[in-house]
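S.K.: Okay, handing you the structure first.
The values are calculated or read from the model by the stated rules, or taken from the named source; none is laboratory data. Everything numeric in this text was worked out from a predicted model, so none of it was measured. Please note: Cβ atoms are built from the backbone with ideal geometry, for glycine as well, and neighbour counts cover all protein chains shown. Protein only, heavy atoms only, side chains kept; ligands, DNA and RNA dropped before computing areas. Shrake-Rupley method; radii C 1.70, N 1.55, O 1.52, S 1.80 Å.
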Amino acid sequence: MLAPVVCHNQLAKNIHDTCSQFGAAHRWGPGENETGMNRLALTDADKAVRDWFVKEAKGLGCEVEVDDMGNIWAIRGGVSDSRPTQDGSGKRLPPVIMGSHLDTQPRGGRYDGVLGVMAGLEALRVLKERDIKTWRPVGVVCWTNEEGARFPVSMVSSGVWAGEIPLGKAHSLKEVAGQEGKTMMEELERIGYLGDKKCSYEEMPMAAHFELHIEQGPVLEAKGKKVGVVRGSQAYKWFTVEVVGKEAHTGTTPYAQRADAFMAANSMIHYARWTGEEQDVLVSVGVFQVFPGSVNTIPGRVKFSLDIRSSSTDKLAQFVERHLRPKFDSIAKNVGANSQPCSVTWQEDTNSPAQLFDEGCCQAVKVSALSVLAAECQGNMEKAVGLVKYNMVSGAGHDSVHTAKRCPTSMIFVPSKGGLSHHPEEFTSEEDCVRGAQVLLESVLRFDREVWREDYERETAVE
């Protein structure tokens, strides 16, 4: 293998100690670590785990900076830091970054996002303890509100960094379920993570972004693979749909006089799911709100979320525009044979086109995966090749989708037991976590050595 081995016990300890202390919830078994998580972005539990991360990173000799979206950047210096730059600016070369997130779903597990951050931290620990020099600075970024569970735009902070989401829009996002309607800006200030650095690919450039993540699906486990090389992600859109009818008394209003927003919304959701199956497009509703929420009042307003995903950006757009929007309008105007019309409006919350990752980064992951698995197989490369799943497409969105727009990016998948994620019983074995962390570390070192060679050849050519 290219790199020293990541500490087996330390990685597991960091994952479970931080999960148990900061946001553990939804116990599903008697074991010490058999709980899920409820660590929504910018809550007190999120602040606590952020404080822990900053302390650990500084203890490893990293420079730590926080940007104005609350993203935490922990950077370990490289050999190139002491070299004069060609443009005379004195700025260090952009770092090679390992990134993911520490926020969870309200009923989430212990590995989604958490594994990627903790593995990055362990990679930095190995580099420090073994005194391994890198050409470029190497670091970890902890992205804010990746899940979009509290503030309803997923990957919002990496989106701001990439210039895809305006900072003002992100700061003004209101929490989904909070009665007080706190904004991201207010909560960043409250917990002390509204940094003074600008969240921008221009202000905080990266040479590359590598992300280790659990698969969150059944493919690796079902096919007996140990590592997935991810070549890109599928497209998805999030919408908030609002249906407006008219509140009325349930006991005195005949069917023919009702404008029942609930019944209209129910028909829309049923149609979307049925048509999605027919068109091979994934459609899900995760939030459904009924107003005024009284047993004996016909609902006058309903809001629900739509999560729509497809392998093709164009196919997804056509599905929404040709199928859903016209049908939803039709349903609203004619809820039933003897009902009054309703109205329907759409709000697009997230638009994430299908994204391909960088070939060079993917190659670094592929070679590193084979190196790690060959060592496990006592040098049997043929067996190692059979344990890698190539050219995977992520069905979920990740911060790497946004970083790929501005710098070379790739992802590494490790198996999820039963394909389960966004669930308290989400599980990835300790062995799979460590293997993924080892592949992450080797991928970063391989990429760094390649850019070291390229930078040296460039400098030599100038001389």
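S.K.: With a/c under 1.5 counting as rounded, go ahead and sort region 1-70 into rounded, prolate or oblate using the C-alpha gyration tensor (a ≥ b ≥ c being the square roots of the eigenvalues; past the cut-off, prolate if a/b is larger than b/c, else oblate).
M.R.: Note, shape of region 1-70 comes out oblate.
S.K.: Could you please report the charge total around V219, scoring K, R as +1 and D, E as -1 over all other residues with beta-carbon less than 15 angstrom from its beta-carbon?
M.R.: +3
S.K.: Plugging the Kirkwood radius over Cα pairs into Stokes-Einstein for region 69-203, at a temperature of 4 °C and a viscosity of 1.567 mPa s, what D comes out in µm²/s?
M.R.: 79
S.K.: Provide the descending list of Cα extents for the chain along its principal axes, expressed in whole angstroms.
M.R.: Principal extents (Cα only, largest first): 84, 50, 49 Å.
S.K.: Another question, if that's okay. With an 8 Å cut-off on Cα pairs and a minimum separation of 6 or more residues, tell me the relative contact order of region 144-235 in percent.
M.R.: Answer for region 144-235 is 18 percent.
S.K.: Using just the alpha carbons, could you tell me how many Å³ per residue the convex hull of region 179-277 encloses?
M.R.: 262
S.K.: Oh, and also: Place a +1 charge on the Cβ of each Lys and Arg in region 235-352 and a -1 charge on the Cβ of each Asp and Glu, then give the dipole magnitude about the Cα centre in debye, rounded to the nearest 20.
M.R.: Dipole size: approximately 220 debye.
S.K.: Now for a different question. Taking 8 Å as the Cα distance limit and 6 or more residues as the minimum spacing, I'd like the relative contact order of the chain as a percentage.
M.R.: 22
S.K.: Ranked from the most accessible area to the least, with a 1.4 Å probe and all protein chains present, what is the order of F210, F291, F447?
M.R.: F291, F447, F210
S.K.: Sorted by average packing, counted as other Cβ atoms within 10 angstrom per residue and highest first, what order do 314-323, 34-43, 415-424, 250-259 take?
M.R.: So the order, starting with the most tightly packed, is 34-43, 415-424, 314-323, 250-259.
S.K.: Could you go through region 339-348 in sequence order and give the Karplus-derived ³J(HN,Hα) for each residue, using 6.51 cos²θ - 1.76 cosθ + 1.60 with θ = phi - 60°, rounded to whole Hz, and x for Gly and Pro?
M.R.: 10, 8, x, 10, 10, 9, 10, 10, 10, 7
S.K.: Additional query: Determine the sum of side-chain charges near C407: Lys and Arg each +1, Asp and Glu each -1, restricted to other residues whose C-beta is under 13 angstrom from that of C407.
M.R.: -1
S.K.: Hand me the GluC sites (Glu not before Pro) from region 192-269 located in a DSSP loop with no more than 12 other Cβ atoms within 10 Å, in residue order please.
M.R.: Within region 192-269, the qualifying GluC sites (Glu not before Pro) (loop, at most 12 other Cβ atoms within 10 Å) are E202, E203.
S.K.: Counting only DSSP beta bridges with both residues in the chain, what percent are antiparallel, rounded to the nearest 5?
M.R.: 70
S.K.: Next up: With a ≥ b ≥ c the root eigenvalues of the C-alpha gyration tensor of region 235-352, is it rounded (a/c under 1.5), prolate (a/b larger than b/c) or oblate?
M.R.: Prolate is the answer for region 235-352, as a/c is 1.5 or above and a/b outweighs b/c.
S.K.: Using Cα-Cα distances under 8 Å and only pairs 6 or more residues apart, what relative contact order does region 235-352 have, in percent?
M.R.: So the answer I get is 44 percent.
S.K.: Just to make sure I understand: if all protein chains stay in place, what is the order of F239, F22 by accessible area at 1.4 Å, largest first?
M.R.: Descending accessible area places them as F22, F239.
S.K.: If you take the charge dipole of region 235-352 about its Cα centre, with +1 on Lys and Arg Cβ and -1 on Asp and Glu Cβ, which of G276, S294, T350 is farthest toward its positive end?
M.R.: S294
S.K.: Also: Can you give me the angle between helix 44-59 and the longest principal axis of the chain, using Cα atoms only, in degrees from 0 to 90, rounded to the nearest 10?
M.R.: Taking the Cα atoms of the chain, the angle to 44-59 is about 10 degrees.
S.K.: Around V160, under 14 Å between beta carbons, what's the net of Lys plus Arg minus Asp minus Glu among the other residues?
M.R.: Result for the neighbourhood of V160: -2.
S.K.: Between helix 8-21 and the chain, what is the angle of the helix's C-alpha long axis to the longest principal axis, kept within 0 to 90° and rounded to the nearest 10?
M.R.: 40
S.K.: Still on this model: Among 365-376, 51-62, 148-159, how do they line up from the highest to the lowest mean number of other beta-carbon atoms within 10 Å?
M.R.: The peptides rank, most packed first, as 148-159, 365-376, 51-62.
S.K.: Antiparallel DSSP bridges in region 54-200: what percent, to the nearest 5?
M.R.: For region 54-200, the DSSP antiparallel bridge percentage is about 60.
S.K.: Total Lys pairs in region 235-352 closer than 19 Å by alpha-carbon, pairs eight or more apart in sequence or interchain only?
M.R.: For region 235-352, the number of qualifying lysine pairs is 8.
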